[in-house]
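Let me begin by presenting the structure, written as structure tokens, before commenting on it.
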């Protein structure tokens, strides 16, 4: 069993006034809730059962949860329309278990300081720690901000029935109309401050040749034309490099032809390019550059997943710096791309464990995450402006 006494006796300097016993209880509850969530399969698009469980959990807590599809949210007790709002968001869905698991991915196990289970790091620990911080401030009066907690679906597939759908729902989006509203997105960052995040552009490229008989060396081989195009993607470097996110990266990840016969020169060749954008380019600008340079039909799958960033001078970033946190640019994507608010990505756990076999989070990381969230919020919602 985890050593809760260690956390209670060694808690670092915390905001004042601070009830250590309450923090001790919140930490235990966060671990217990995470174990329950791990035990419920919740792959993207199949979150109903885990959302039902979380909705019931919040109801038992007296938090009056609201629901849209498999997305759950609730407001602090003393919500005030005249105040800006802070959204505390993380996701309930997971990927499929990776190959190579030696443990049951849905059987939460604690070994020493480690809690094993699918979704433990990505992003269950962030979810339950954000909820613990929300509960800490839930019934406090005279706050500078409203605090809204949301647990959303389809993050792992960037689905349209996740957080994006919530902001299309007036009962939810109207809570963020006041200037200075922003979001904290719970993802594993080792509680450092991800103030920028790369965007994603996936394009399908179709190269056209002319069919012919291979023995007679007829036709125009579409594979050879595709190789020329792929070479451009492999070697071209976009001019603008971000101090936080570095260069735009392009990788060809799929290549195929319709032809399955060895003796037919293929008339067409299709390949897919995964492009990770920094904040200095738009999707449309990149598409224009690619179409001018590449002899292929270029079709973007989506332009929704934009690069996101928050001003380093934003109060939440400054609050994190005051706590000794470091800022960085994240190469991975999250719901930040779909949240129409300034947002900071921060949470317990190491992102390198995401989607891996025998995924785990350390209980001490959850301790740090809960403490970090409470300290960040305390600096913003209770201090005099």
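Name the single residue that is farthest from residue 276 (Cα to Cα) among those in the range 320-340 being surrounded by fewer than 19 Cβ atoms within 10 Å (Cβ to Cβ) and in contact with a strand residue (DSSP E or B) (Cβ under 8 Å, 6 or more places away or on another chain).
Out of the qualifying residues, it is 321.
Do we have residue 66 as in contact with a strand residue (DSSP E or B) (Cβ under 8 Å, 6 or more places away or on another chain) and at pLDDT 95 or above here? Walk me through it before giving the result.
Working: in contact with a strand residue (DSSP E or B) (Cβ under 8 Å, 6 or more places away or on another chain): yes; at pLDDT 95 or above: yes.
Considered against the rule, which asks whether it is in contact with a strand residue (DSSP E or B) (Cβ under 8 Å, 6 or more places away or on another chain) and at pLDDT 95 or above, residue 66 comes out as yes.
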### Task
Would you please name the residue that is nearest to residue 210 (Cα to Cα), looking only at residues in the range 252-281 that are free of Cβ contacts under 8 Å to residues at least 24 places away in the same chain and under 34 Å from the mean Cα position of the chain (by Cα)?
256
### Query
Which of (1) surrounded by fewer than 19 Cβ atoms within 10 Å (Cβ to Cβ); (2) in contact with a helix residue (DSSP H, G or I) (Cβ under 8 Å, 6 or more places away or on another chain); (3) farther than 25 Å from residue 303 by Cβ does residue 186 not meet, given it meets every other one?
(1)
### Task
Determine if the range 75-82 includes at least one residue that is surrounded by 17 or more Cβ atoms within 10 Å (Cβ to Cβ) and under 19 Å from residue 374 (Cα atoms).
yes
### Message
Tell me yes or no: at least one residue of the range 266-285 is surrounded by fewer than 14 Cβ atoms within 10 Å (Cβ to Cβ) and either assigned to a helix (DSSP H, G or I) or in contact with a helix residue (DSSP H, G or I) (Cβ under 6 Å, 6 or more places away or on another chain) (or both).
### Response
yes
## Note on the structure
Scanning the range 53-100 for residues that are over 25 Å from residue 378 (Cβ atoms) and free of Cβ contacts under 8 Å to residues at least 12 places away in the same chain gives 56, 59, 60
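Here is a check on your reading of the model: is residue 89 in contact with a helix residue (DSSP H, G or I) (Cβ under 8 Å, 6 or more places away or on another chain) and surrounded by fewer than 21 Cβ atoms within 10 Å (Cβ to Cβ)?
no
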### Task
Specify which of the listed residues (317, 361) is assigned by TED's automatic domain parsing to the domain that holds residue 123, at pLDDT 95 or above and buried (at least 23 other Cβ atoms within 10 Å of the Cβ).
361
### Query
Restricting to the range 56-67, what's the tally of residues that are farther than 13 Å from residue 148 by Cβ and surrounded by fewer than 17 Cβ atoms within 10 Å (Cβ to Cβ)?
6
### Query
Within the range 215-226, is even one residue in contact with a helix residue (DSSP H, G or I) (Cβ under 9 Å, 6 or more places away or on another chain) and in a strand (DSSP E or B)?
no
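The values are calculated or read from the model by the stated rules, or taken from the named source; none is laboratory data. This is a predicted model, so every value here is computed, not measured. Please note: Cβ atoms are built from the backbone with ideal geometry, for glycine as well, and neighbour counts cover all protein chains shown.
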